[in-house]
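So the structure is just underneath, and the comments pick up after that.
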Amino acid sequence: MSRFLEENETIILFAQGLVFFSLGFAVWIQRRRATRLRLTQSLIWLAAFAFVEALAVWGYVFVPLQEGYLGTGLIDGLLIVRAILQTAAFLFLLQFGLRLTVDSQHRRYGWTAVSFLAWLGLLIGAGILAANAGWTVGQWEESVEALARHTILLPAAVLAAIGLWRQRGQLAEAGLRGIRPFAAAAAGVLLVYAVIGGIVVDHPFWAPSSAGPDLARFGAGAIQLAVARGLAGLVLSVLAVKLLEIFEFEAKQRLESLDRARAVAEERARFGRDLHDGTIQSLYAAGLHLESVAITVKDVETRSQVRQVVDGLNTTIAGIRDYISGLRQPEGDAAMIAARLEDLARHFSRKTGVAVNVQVRGVDAAGPLPDEAGQHLEHVLREGLSNAARHGQATQIDVELAFAPDELDLLVTDDGTGIPTPPTHVGEGLRNIRERARRLGGRAEIGPAVGGGTRVALAIPLDIEAPDESDSQPQEVLR
């Protein structure tokens with residue numbers, strides 16, 4: 001068996017790289033599709049890991065083949081590129097784990113910056129040590145990879161496994177109970193990969209023998225390890241394909257939501273026409289009749305009362321016209337929604353005396369907004385502000401509204417007493433927030449804020465590939 005593995009080393013390494021490349025490609029082709037789940041939003045980082053890992057593994061096939069054709073300087077350059085690719089793959093897997101486990105966007109950015117600096121520090125620090133100690137480039141690459149597997153890949157795989165396990169609850173809430181076992185299985189595979197990729201490694205030349213088995217000494221041992229990693233990648237690829245079914249499920253939900261929205265728009269148009277052509281005309285005719293009666297009535301007091309009734313009918317007609325105008329009025333763009341939320345926050349602050357700070361970002365970069373997004377966001381913000389002041393006894397509330405081409409985020413945090421974890425009682429308001437998020441195709445997360453208080457986060461995916469229907473849809477419901 002050992003001889004067979006050694007003779008087929010090139011084929012085995014190529015197959016291992018092909019497995020990871022297939023995993024990355026399967027996720028990459030779904031990268032622009034809108035999604036409301038954190039798991040599917042984060043899969044792009046798993047794809048980046050798989051792509052770069054494939055290139056690094058293929059490097060172990062490509063570089064030895066070039067040693068007889070290229071000079072030492074070029075070969076050393078290829079070894080450096082191979083080391084950068086291999087360690088960068090581990091860094092991308094760490095980003096996947098961070099996005100599954102860290103709730104706060106600011107904390108994710110912070111950890112991303114720390115991990116990137118640590119990666120650079122590992123490469124540069126090992127380079128300085130290699131220059132001072134007289135190592136060859138091959139010895140530097142060997143040292144960098146071993147250290148990166150222990151310090152980056154091991155925590156990255158464990159963190160990703162924990163994140164996948166935690167996402168099972170969100171899958172259940174979204175009605176994807178059939179996908180939960182695949183997420184759990186993928187978490188188990190990542191734990192296995194943490195062992196065979198982050199613990200059982202080829203130790204560098206300077207490591208003491210007590211550090212663990214040196215697989216290179218056992219001939220086919222390193223190839224057996226490559227086979228094990230390739231099998232883990234194959235299983236992970238199959239499970240990732242099953243997880244990608246979430247995109248199809250969400251696309252079906254969006255189509256159903258679009259059908260419902262169109263049905264509602266048609267019903268509103270019909271209702272507006274009925275009011276305009278029926279109710280208003282009847283009231284107008286009644287007003288004309290009363291006006292003619294007022295002209296013929298000789299009693300001044302009676303004529304005055306009749307004309308008061310006519311004025312009341314005119315007021316009613318004007319109110320119905322305003323209502324019809326509201327039926328046909330567009331929801332508004334990102335700037336209008338942001339202005340409405342800011343007005344709501346200012347009015348709430350004046351009424352309650354609670355300081356409310358509002359920050360709006362990315363208005364010009366907003367993608368197509370869902371129907372009735374403004375109304376739902378107003379209700380969510382109103383509920384969040386009310387809960388913070390009434391139940392949390394907050395003195396300051398921070399509101400962040402961030403628009404992006406593919407997502408809209410609303411974050412409400414306060415410095416109040418907070419809510420227990422898990423909540424002992426889920427009121428109607430919290431359920432309404434989650435229901436409104438679901439209606440918009442997004443998700444809502446309600447829990448304690450960092451440093452105390454309550455955090456309400458609403459994330460709405462925006463389909464950046466949605467067609468522009470402005471040319472095919474009427475600009476006005478009524479004329």
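Under the Karplus relation 6.51 cos²θ - 1.76 cosθ + 1.60, θ = phi - 60°, what is the ordered set of whole-Hz ³J(HN,Hα) values for the stretch 124-131, x standing for Gly and Pro? So the Karplus estimates, Gly and Pro as x, are 6, x, 5, x, 5, 5, 5, 5 Hz.
Spin-label pair E291-Q396: with each label point 7 Å from Cα along the Cα-Cβ axis, the two points sit 6.0 nm from one another. Close amide-amide hydrogen proximity is noted between R455 and G447, A449, each under 5 Å apart and 5 or more residues distant or on a separate chain (H modeled in the peptide plane; Pro and chain starts excluded).
Under 5 Å from the amide H of I397 lie the amide H atoms of A355, V356, N357, each residue being 5 or more positions distant or on a separate chain, with H modelled from the backbone and absent for Pro and chain starts. FRET efficiency for the E435 to Y69 pair, using the beta carbon distance and R₀ = 56 Å, is estimated at 0.30. The length gained on full extension between S304 and N357, counted as 0.36 nm times the residue separation minus their Cα-Cα distance, comes to 13.8 nm. Relative to the Cα centre, the charge distribution of the stretch 49-197, modelled as +1 at Lys and Arg Cβ and -1 at Asp and Glu Cβ, gives a dipole magnitude of about 760 debye. To the nearest 0.05, how large is the calculated FRET efficiency for D277 and D311 if R₀ is 25 Å and r is the Cβ-Cβ distance? For R0 = 25 Å, the calculated efficiency reads 0.60. Here the calculated FRET efficiency for T151 and E266, from their Cβ-Cβ distance with R0 = 51 Å, stands at 0.30, rounded to the nearest 0.05.
In this view, the solvent-accessible surface of V102, computed with a 1.4 Å probe and all protein chains in place, comes to about 20 Å². Separation of the stretch 131-148 from the stretch 51-111 is 15 Å, based on Cα centroids. Surface listing: W140, W28 arranged by accessible area from highest to lowest gives W28, W140, probe 1.4 Å. If amide H atoms are built 1.01 Å from N in the plane of the peptide, which residues on other chains or at least 5 residues away come under 5 Å of the amide H of V360? When sequence neighbours closer than 5 places are left aside, the close amide H contacts are L401. Based on protein heavy atoms only, the stretch 331-388 ends up with 51 Å² per residue of surface accessible to a 1.4 Å probe.
Cut-off 17 Å, label point 7 angstrom out along Cα-to-Cβ of Y284: give me the residues of the stretch 303-322 whose amide nitrogen falls inside. It comes to 310-322, nothing else.
If the segment from T112 to R180 were pulled out straight at 0.36 nm per residue, it would be longer than the present Cα-Cα gap by 21.7 nm.
For the stretch 327-415, the carbon plus sulfur part of the accessible surface works out to 47%, probe radius 1.4 Å.
Here the Karplus curve 6.51 cos²θ - 1.76 cosθ + 1.60, taken at θ = phi - 60°, turns the phi angles of the stretch 183-197 into couplings of 5, 5, 5, 4, 4, x, 5, 5, 5, 4, 5, 4, 6, 7, x Hz, with x standing for Gly and Pro.
The residues of the stretch 128-176 have, on average, 43 Å² of accessible surface per residue, using a 1.4 Å probe with all protein chains present. The heavy atoms of E245 present about 80 square angstrom of accessible area, all protein chains included, probe 1.4 Å.
The values are calculated or read from the model by the stated rules, or taken from the named source; none is laboratory data. Since the structure is predicted, the reported quantities are computational estimates derived from the model, not experimental observations. Note: ideal-geometry Cβ built from the backbone for every residue, glycine included; neighbour counts use all protein chains shown. Accessible surface areas use protein heavy atoms only, side chains included; no ligands, DNA or RNA. Shrake-Rupley method; radii C 1.70, N 1.55, O 1.52, S 1.80 Å.
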